[in-house]
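Please read the structure below before turning to the comments.
Nothing in this text is a laboratory measurement; each read-out follows from the coordinates by a stated rule. Since the model is a prediction, treat every value here as computed from it, not as a measurement. Every residue, glycine as well, gets a Cβ built from its backbone with ideal geometry; the counts of neighbours run over all protein chains shown.
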Amino acid sequence: MSKATKKHQYTLVILKPDALVKSLTGNILTRLSEARLRIIGAKVVRVSRELAEKHYAHLKDEPFFDDLYNYFSGKAYGRKYERVLAFVYEGEDAISKVRKIAGATNPLEADPITIRGAYGRINKKGIMENVIHCSDSEESAKDEIHLWFDPDEIIEAIYPTKKVIRNKCEVLEWA
Ligand code: UDP
Ligand code: MG
């Protein structure tokens, strides 16, 4: 049987506020490092309602979106945890490799050795606090990376850009 062709991919990884509350940053990055991918962008982000609505556009009309935002923004945990860590990873089959290490969306259904299976829970409001976000397709990875990162925050030119003048300075924007 011929091996499926490997695809060079990018993926957005977010350590959600519960990962920070539970002091899991090092642990999760170590687990992800087993996939032999490279980090090409990294930052701390405070998640606005607008960013959350764009990121979770497929969920923004759900009745639980307010509770989801409360969780994803970290507001549920207090000011100290109102932040997430965002990363862009690059490498062969990056999307499926990270999804596999992350585990199923529902932490109760996730394999216990995955990140979500080991550290996730369902909170009192019924929201799946599952510690990590990772893109689920090349299309969503592209949309998510465009949403979360500016071109000059990523160490390599991964998608087309254009030069624009902002405050009399030339800067790069996604084309
Ligand atoms: N979520 C939830 N309940 C649901 C669906 C989603 O709490 O019924 C939350 C959960 O934190 C999940 C996120 O919303 O990770 C995004 O949902 P999606 O279906 O995109 O799952 P993912 O891509 O994160 O596995
Ligand atoms: Mg998703």
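So here's what we get for this one:
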| read-out | value |
| --- | --- |
| Where N is the number of residues in segment 1-82, Cα Rg divided by 2.2 N^0.38 Å | 1.36 |
| Candidates ILE28, ILE115, ILE132: whichever shows maximal mean-square fluctuation once the chain is modelled as a Gaussian network with Cα springs under 10 Å | ILE28 |
| Links that overshoot a 31 Å alpha carbon limit, given the list LYS100/LYS125; LYS60/LYS80; LYS75/LYS142; LYS60/LYS168; LYS7/LYS75; LYS16/LYS168 | LYS60/LYS168; LYS7/LYS75; LYS16/LYS168 |
| Segment 1-128, dipole about Cα centre (Lys/Arg Cβ +1, Asp/Glu Cβ -1), debye to the nearest 20 | 360 |
| Rounded to whole Hz, the Karplus (6.51, -1.76, 1.60) HN-Hα couplings of segment 156-171, x for glycine and proline | 10, 7, 9, 10, x, 10, 9, 8, 10, 9, 10, 6, 6, 10, 7, 10 |
| Per-residue ³J(HN,Hα) for segment 141-147, Karplus 6.51 cos²θ - 1.76 cosθ + 1.60, θ = phi - 60°, Hz, x for Gly and Pro | 4, 4, 4, 5, 5, 4, 6 |
| Segment 125-134 - phi-based ³J(HN,Hα) in whole Hz, Karplus 6.51/-1.76/1.60, Gly and Pro as x | 7, x, 7, 7, 7, 10, 6, 9, 10, 8 |
| For the chain, built as a Gaussian network whose Cα springs stay under 10 Å, the top-fluctuating residue of TYR71, TYR81, TYR159 | TYR159 |
| Two-decimal ratio, the chain, of alpha-carbon radius of gyration to 2.2 N^0.38 Å | 1.07 |
| Kirkwood estimate for segment 60-143, i.e. one over the average of 1/r between Cα atoms, Å | 14.0 |
